[in-house]
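Notes follow the structure.
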Amino acid sequence: MVLTGDTVVFICLVRKTWQRVREMQIPVLIETGTYGYRATTGQPLVLSADGATREEALGQLREAMKTRLSVGAEIAALEIISDVHPLAPYAGMYKHNPLFDSWQQAIADYRRQADEATESP
């Protein structure tokens, strides 16, 4: 893992060569308190760090992330593929509407007119 500013860059070993695979910006909540600043992250890395200054709190948070990831924690992306298209429930919703056929005809007429207008000089 390489730390650059407020951005964490993850490096992984792929086929015995180092390759940059992901750069992520993690939202951090920074709050002021009685003793300075507290920087806190949310899921998937729930961590918190304190510091006298904003920069010190962020630095402590970076170190906490580095420590957690160095002991075996891993961040991975999981792709979920749905069997149903998100718009599938709406397919055919107008098939029983009495205006549907005339609406489709109006669309076809407009397309025909637009095509004729582009074809003629």
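A few remarks follow.
- Test: ILE80 is touching a residue at least 24 places away in the same chain (Cβ under 8 Å) and outside the structural domain of ARG38 (by TED's automatic domain parsing): no
- Test set (1) surrounded by 10 or more Cβ atoms within 10 Å (Cβ to Cβ); (2) over 23 Å from GLN25 (Cβ atoms); (3) not assigned by TED's automatic domain parsing to the domain that holds GLN25 - GLY36 fails condition number: (3)
- Some residue of segment 43-53 being in contact with a Phe, Trp or Tyr (Cβ under 7 Å, 6 or more places away or on another chain), farther than 17 Å from GLN25 by Cα and exposed (fewer than 14 other Cβ atoms within 10 Å of the Cβ): yes
- Condition met for LEU69 (at pLDDT 90 or above and not small (Gly, Ala, Ser)): no
- The set of residues in segment 73-121 being modelled with pLDDT of 85 or more and part of a loop (DSSP other than H, G, I, E, B) consists of LEU87, ALA91, GLY92, MET93, TYR94, HIS96, ASN97, PRO98, LEU99.
The values are calculated or read from the model by the stated rules, or taken from the named source; none is laboratory data. No experiment lies behind these values; they were computed from the predicted model shown. Neighbour counts are summed over all protein chains in view; Cβ atoms, including those assigned to glycine, are modelled from backbone coordinates with ideal geometry.
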